[in-house]
1. If we keep just the residues of the range 146-159 that are part of a loop (DSSP other than H, G, I, E, B) and on the phi < 0 side of the Ramachandran plot, which is farthest from ligand 2 (Cβ to nearest atom)?
2. Among all residue pairs at least 6 apart or on different chains, which show Cβ distances below 8 Å where the first residue, located in the range 227-254, is assigned to a loop (DSSP other than H, G, I, E, B) and the second is among the aromatic types (Phe, Trp, Tyr) and modelled with pLDDT of 95 or more?
3. Which ones in the range 264-279 are open to solvent by 60 Å² or more (accessible area, probe 1.4 Å) and in a helix (DSSP H, G or I)?
4. Any idea which residue in the range 146-159 is modelled with the lowest pLDDT, counting only those that are more than 22 Å from Arg191 (Cα to Cα) and aliphatic (A, V, I, L, M)?
5. Out of the residues in the range 119-128 that are in a helix (DSSP H, G or I) and in contact (Cβ under 8 Å) with a residue 60 or more places away in the chain, which is farthest from Leu315 (Cα to Cα)?
6. Which one is modelled with the lowest pLDDT, of the residues in the range 238-263 that are open to solvent by 30 Å² or more (accessible area, probe 1.4 Å) and closer than 20 Å to Lys345 by Cβ?
7. Considering (1) open to solvent by 10 Å² or more (accessible area, probe 1.4 Å); (2) modelled with pLDDT of 95 or more; (3) within 18 Å of the chain's Cα centre (by Cα); (4) within 19 Å of Leu9 (Cα to Cα), say which one Gln331 fails and leave the rest.
Amino acid sequence: MSQTYVGILLNTGMYRGIPTRRTGQESLSLYEETAREYGLTPCYLRLADIDLSSESCIAYVYNGIDYSKQELPLPQVIHNRALYPRAEAVHKIRKLMAMGITVFNVNNRYGKDTIHRLLWNAPHLRHYLPAAMPLTSRSLSTMMSRYPDLILKPIRGSVGHGIMRLQYREDAGWALIYPSPTGPRDWITTRLRRGELPGWARRRLERVPYLVQERIPLVEYEGRPVDLRVTVQRGIHGDFGITGRFAKVSPKGGFVCNIAKGGEALPAEDVLAQILPAALVPAALSHVEALALATCRYLSDRLPLLADVGLDIGLTPEGRPYFIECNGRDQRYGFRKAGMESIWKDTYRRPMAFARYLLDQPAKGTIAPRKGSAKTT
Ligand SMILES: Nc1ncnc2c1ncn2[C@@H]1O[C@H](COP(=O)(O)OP(=O)(O)O)[C@@H](O)[C@H]1O
Ligand SMILES: [Mg+2]
């Protein structure tokens with residue numbers, strides 16, 4: 001029987017785990033289950049297994065018992081869940097798209113400086129941004145003269161890696177707070193001498209591009225800073241919607257809320273109900289959602305085929321939201337950790353629905369569903 005395939009593009013590490021079902025936090029069975037609802041069959045592939053000249057690929061397909069490698073015609077629509085830092089990969093994806101294949105979420109990691117600059121140019125979004133500058137010794141002095149609490153973060157970083165905090169206290173002056181090698185929840189605090197960063201930190205900041213950003217005073221739960229993950233995805237009608245959101249609570253004594261750094265995922269309402277005045281919670285959450293939607297709509301007019309985004313949004317004790325970060329490869333498992341199984345499933349369903357939408361776009365001409373019978377290799 002002929003099938004309509006949707007490609008799921010994975011990095012090699014995850015791809016290699018498919019036959020033994022070791023795909024980390026990514027659930028392949030949820031792709032299969034939700035794709036079926038839209039008459040689609042997912043096939044899992046790597047960029048390296050795409051042959052542009054024959055317009056075919058080798059991909060894993062679930063056959064009801066296990067995953068088998070098959071040679072397939074290139075799927076017309078591909079959902080990118082991989083990161084490609086290398087230029088050759090980006091070049092190959094471009095060629096793929098020039099052939100009429102639609103790759104959504106084609107770039108999953110934009111520099112934090114690029115996103116900041118784009119949003120800064122939007123008058124309706126600018127006041128939701130913490131002040132930020134690419135870090136140089138000059139910009140650092142400027143920021144230290146303006147704000148008593150700063151976050152230093154790698155421009156191309158993720159999952160809280162490499163983040164430091166620079167904080168001024170009346171009694172103790174400036175201190176740098178940075179991760180300890182002893183574990184993701186341990187932090188070291190070093191006082192600055194004559195306002196100068198330690199030598200190792202200066203060397204690191206010269207080597208790796210960083211952003212220096214005003215630290216937003218995040219709401220706290222049991223003394224632990226909290227931010228929100230908001231998953232915004234395009235669905236069956238092609239437009240963005242909020243799939244769900246949860247709160248990330250940093251470990252005790254920490255200031256980064258990433259789950260990979262020991263943060264706890266909890267339903268947002270439950271957490272906020274305990275830390276904000278009750279009357280403020282619904283309004284704050286609506287404000288967060290409106291900001292998330294407006295941000296994605298604005299970015300998607302400027303970045304190619306953005307369709308599936310996880311935003312980090314901070315809230316102040318007054319309930320005022322701030323944009324912190326935009327992730328192209330959203331870590332969906334936070335919803336499962338927060339006990340929100342059905343929304344976790346939705347985070348897979350919506351991109352499959354969007355794939356269906358793309359396949360059904362007659363206006364685009366090139367996106368007619370291509371049906372191919374599979375050859376098992
Ligand atoms: N400007 C800021 N104010 C307050 N907290 C911040 C700020 N920037 C980052 N954080 C904290 O650090 C975490 C990681 O920063 P983020 O910008 O999301 O980078 P990453 O890509 O490493 O996740 C955030 O989830 C938030 O908890
Ligand atoms: Mg983040």
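1. It comes out as Pro148.
2. Cβ pairs passing all conditions: Gly235/Phe354; Gly235/Tyr357; Ile236/Tyr38; Ile236/Phe354; Ile236/Tyr357; His237/Tyr357; Gly238/Phe354; Gly238/Tyr357.
3. Glu269, Asp270, Ala273, Gln274, Ala278, Ala279, listed by residue number.
4. Within the range 146-159, the match that is modelled with the lowest pLDDT is Val159.
5. Only one residue fits best here, namely Leu119.
6. Ile259
7. Exception for Gln331: condition (2).
Residue-by-condition table, conditions (1) modelled with pLDDT of 95 or more; (2) in a loop (DSSP other than H, G, I, E, B); (3) hydroxyl-bearing (Ser, Thr, Tyr); (4) within 16 Å of ligand 2 (Cβ to nearest atom):
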{"residue": "Asp113", "(1), (2), (3), (4)": "yes, no, no, yes"}
{"residue": "Pro130", "(1), (2), (3), (4)": "yes, yes, no, yes"}
{"residue": "Met144", "(1), (2), (3), (4)": "yes, no, no, no"}
{"residue": "His161", "(1), (2), (3), (4)": "no, yes, no, yes"}
{"residue": "Leu166", "(1), (2), (3), (4)": "yes, no, no, no"}
{"residue": "Asp171", "(1), (2), (3), (4)": "no, yes, no, no"}
{"residue": "Ile188", "(1), (2), (3), (4)": "no, no, no, no"}
{"residue": "Leu211", "(1), (2), (3), (4)": "yes, no, no, yes"}
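The values are calculated or read from the model by the stated rules, or taken from the named source; none is laboratory data. These numbers were taken from a predicted model, which means no experiment stands behind them. Here Cβ is always computed from backbone atoms with ideal geometry, including for glycine, and neighbour counts include all displayed protein chains. The accessibility values were calculated without ligands, DNA or RNA, using every heavy atom of the protein model including side chains. Shrake-Rupley method; radii C 1.70, N 1.55, O 1.52, S 1.80 Å.
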